[in-house]
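These notes are about the structure you will find just below.
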Amino acid sequence: MKVAGFTFVKNAIKYDYPIVEAITSILPLCNEFIVAVGDSEDNTRGLIENIKSSKIKIIDTVWDESLREGGKVLAQETDKAFKHISQDIDWAFYIQGDEVVHEQDHASILEAMQTNLSNKKVDGLLFKYRHFYGSYDYIGASHKWYKNEIRIVRRSLSIQSFRDAQGFRKGQDKMLTVAPINAYINHYGWVKEPKAMQLKQENFNRYWHDNTWINKNVAKVKEYDYLKGISELKEFKGTHPEVMKKRIEKLNWQFNYNPSFTNKSLKEKGKDILRDYFGIDFSYKNYKLYKDQKES
């Protein structure tokens, strides 16, 4: 069994992306790793080169600025990396620049890839998610955070990145059939130094919205206010990936949050009741679970 890692990145230094941690967190599982490095304003390419691994293959790309709406350019950059994966690869492990895998999940991931290798009805593997927010001590607990997403897919010409690169589809926009696995993606996209977080808000919202929306919804401030707009967080009591240790030690801002505080809307409270008492799941699903498929 051969595995390739793949990702895309641009301006990782400017916007404080843990891209090195993301790549190195799954590098031991991979035979090769494709990194599409966009035309950056900083030394992102040098950052990737300094990882010093013969597995890593860098492809230089130029982002298509005409594909800003809806985050389409992110999917295009993902596909560029995916298409450079070697033909003898069985599984392709996708990791975004702010996602990190814990080393304690490596064994489960390897087992899932091996178990499903010969079952061609399984297009990919579905991970659980932890969305850290404000600091490394809290995770999002409201319905707005997606709980699962596809991060391992077969190397296939029919599979492509979907919408803004959150997940994948195949053929004519057909959902992938996936097997859920007992492993997590730790998402650190909302844990940045407040100035870097504010810069990210001002820049990356341009890939989804026009200037009118940005001027109305993105505050013109120097530092991002993490406490604004929180509905519910939970304290994280587990451990972080080893590759995140140095970054966490450098945390230089205070995030004071009371875990007992909630600011849920009536809609969210209603969803909680329907979930807790009737088992109705409102989670976003961009996939079909293999266990739900009838054997032919």
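In whole angstrom, how far apart do the alpha carbon centroids of region 56-125 and region 15-49 sit?
So the separation of the two Cα centres works out to 13 Å.
About its Cα centre, what dipole magnitude does region 48-93 give when the only charges are +1 on Lys and Arg Cβ and -1 on Asp and Glu Cβ, stated in debye to the nearest 20? Walk me through the intermediate numbers first.
On the way: 7 positive and 9 negative charges, 32 e Å.
Around 160 debye, computed over region 48-93.
Between ALA196 and ASP39, take the C-beta separation as r, use R0 = 25 Å, and let me know the FRET efficiency to the nearest 0.05.
The formula returns an efficiency of 0.80 here.
Which stretch or stretches of region 175-217 have amide N atoms under 12 Å from the point lying 7 Å from GLU111's Cα along the Cα→Cβ direction?
181-183
Before rounding to the nearest 500, sum -39500 (n - 2.57) across all DSSP H runs of length at least 4 in the chain and divide by the residue total; then give [θ] at 222 nm in deg cm²/dmol.
-7000 deg cm²/dmol
Multiply the residue separation of SER54 and GLU103 by 0.36 nm, subtract the distance between their alpha-carbon atoms, and state the gained length in nm to one decimal.
15.6 nm
Just subtract the alpha-carbon distance of LYS291 and GLU249 from 0.36 nm times their residue separation and send over the number in nm, one decimal.
Fully extending the segment from LYS291 to GLU249 adds 11.0 nm.
Looking at the chain, what % of its DSSP beta bridges pair antiparallel, to the nearest 5?
Taking every DSSP beta bridge with both residues in the chain, the antiparallel ones total about 45 percent.
Give me, ordered by chain and number, the residues 5 or more places off GLY5 or on other chains with an amide H under 5 Å from its own placed amide H.
ASN31, GLU32, PHE33, ILE34, PHE93
Counting other Cβ atoms within 10 Å of each Cβ, which trypsin sites (Lys or Arg not before Pro) in region 1-55 have at most 16 and sit in a DSSP loop?
LYS2, LYS14, LYS52, LYS55
Taking the Cβ of LEU117 as the center, what net charge do the other residues with Cβ under 15 Å away carry, scoring Lys and Arg +1 and Asp and Glu -1?
Around LEU117, the surrounding residues sum to +1.
Taking Rh as the Kirkwood radius computed over C-alpha pairs, what is the Stokes-Einstein D of the chain at 20 °C in a medium of viscosity 1.002 mPa s, expressed in µm² per second?
Result for D is 106 µm²/s.
Throughout, read-outs are computed from the coordinates displayed, never taken from laboratory work. None of the values given here were measured: they were computed from a predicted structure. Backbone-built Cβ (ideal geometry, glycine too); neighbour counts: all protein chains shown.
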